[in-house]
Amino acid sequence: MSTVVTSRQARIVPTIDKAAAAFADQHSLWQDLKLAIQLLRDKFPGLVAVRVDHMVDPEIPDYEHLYVQSTVAGDLEGILDCEDAFFAALCACVGVEKRQFLTFTVIPI
Amino acid sequence: MDPWHFLIVAEQLRDSDLEAGRRSSISRSYYAIYNEIVTSLGDRQVTVPERDAHEKLCRWLAGTGDEALVVLAEELRGLRDDRIVADYHMRADPARFSRLRAERALSQARRMRQAFVSIGADTVAGLVADYLRRTRQMH
């Protein structure tokens, strides 16, 4: 698994919608979000884009969080291996009290 | 019903020409793995209450502190959000519901099941029960 961040990956700037930014402010999530995005750059050699949306859960009252969506190029099994590595690193670096405000997914292309 | 049969439906819908079919495939993949775990725990007297069950299951798995279960919980949370978007967000970009995206949900559900089986349902139930005892939560 490559952990070398190329200059192309390093240049990927996440798109964060207004509501997501406000939510990150409200819950002091910027540091953890920044760390998580760096981990995405580290763990996904095929990372193309990152988008962060504010998610209001339609089924669980008062449950809001940030939904981080990574667009990744590559073969699917390789991407899923990268996801495993990403989540392992995330859980080691970001505490559960902050992770409850973040979810992650991959859009393979 | 065997909850894993939802994955058969997900496979059938993955190649649908309709976006609605591929959205439903993502949704079924989530429910296959969610119900697989909930049912396995329930069979071992660890019952996830209906209220906020999806969130509780993830919290309980993460609460065990077991490295593999913590990762499983995070993956499940992400797949659930994919399901929420597929089921509720009608104006979402259709490109997000490609055949490849549906295949990813299927593959991810299979891998999560593999992880769950590798740890062992009895072990998972024991770890969750310990977590609930530690935190004095009723189940």
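Laid out as a table, the results:
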{"read-out": "Counted residues, segment A:57-85 - those being at the interface with another protein chain (Cβ under 9 Å from one of its Cβ atoms) and within 15 Å of A:Leu33 (Cβ to Cβ)", "value": "4"}
{"read-out": "Residue that is farthest from B:Ala86 (Cα to Cα), among those in segment A:96-109 that are more than 10 Å from chain B (Cβ to nearest Cβ) and touching a residue at least 12 places away in the same chain (Cβ under 8 Å)", "value": "A:Lys98"}
{"read-out": "B:Ser16 vs. criteria surrounded by 15 or more Cβ atoms within 10 Å (Cβ to Cβ), part of a helix (DSSP H, G or I) and of a type in the set (Ser, Thr, Tyr)", "value": "no"}
{"read-out": "Whichever residue in segment B:28-80 is at the interface with chain A (Cβ under 10 Å from one of its Cβ atoms) and not in a helix (DSSP H, G or I) and, among such residues, is surrounded by the fewest Cβ atoms within 10 Å (Cβ to Cβ)", "value": "B:Arg51"}
{"read-out": "Flag if B:Gly126 is over 24 Å from A:Pro61 (Cβ atoms), assigned to a loop (DSSP other than H, G, I, E, B) and not acidic (Asp, Glu)", "value": "no"}
{"read-out": "Options A:Ala24, A:Ala49, A:Ala92: the member that is small (Gly, Ala, Ser) and touching a helix residue (DSSP H, G or I) at 6+ places or on another chain (Cβ under 6 Å)", "value": "A:Ala24"}
{"read-out": "Qualifying positions in segment B:81-98 - of a type outside the set (D, E, K, R) and part of a helix (DSSP H, G or I)", "value": "B:Ile84, B:Val85, B:Ala86, B:Tyr88, B:Pro94, B:Ala95, B:Phe97"}
{"read-out": "Unmet requirement for B:Ser25, which otherwise passes all of (1) more than 23 Å from A:Asp53 (Cα to Cα); (2) crowded, with 16+ Cβ neighbours inside 10 Å; (3) more than 9 Å from every other protein chain (Cβ to nearest Cβ)", "value": "(1)"}
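To keep it simple, each residue is scored yes or no on (1) in contact with a Phe, Trp or Tyr (Cβ under 8 Å, 6 or more places away or on another chain); (2) within 27 Å of B:Gln45 (Cβ to Cβ); (3) at pLDDT 95 or above.
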site	(1), (2), (3)
B:Leu79	yes, yes, yes
B:Arg83	yes, no, yes
B:Ala86	yes, no, yes
B:His89	no, no, yes
B:Arg104	no, no, yes
B:Gln114	no, yes, yes
B:Ser118	no, yes, yes
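Results for (1) in contact (Cβ under 8 Å) with a residue 40 or more places away in the chain; (2) farther than 17 Å from A:Glu83 by Cα; (3) within 17 Å of the chain's Cα centre (by Cα), shown as yes or no for each residue.
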residue	(1), (2), (3)
B:Gly78	no, no, yes
B:Leu100	no, no, no
B:Arg113	yes, no, yes
B:Val124	yes, yes, yes
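The values are calculated or read from the model by the stated rules, or taken from the named source; none is laboratory data. Keep in mind that what you see is a predicted model, and the values were worked out from it rather than measured. Using ideal geometry, Cβ is built from the backbone for each residue, glycine included, and neighbour counts are taken over all protein chains shown.
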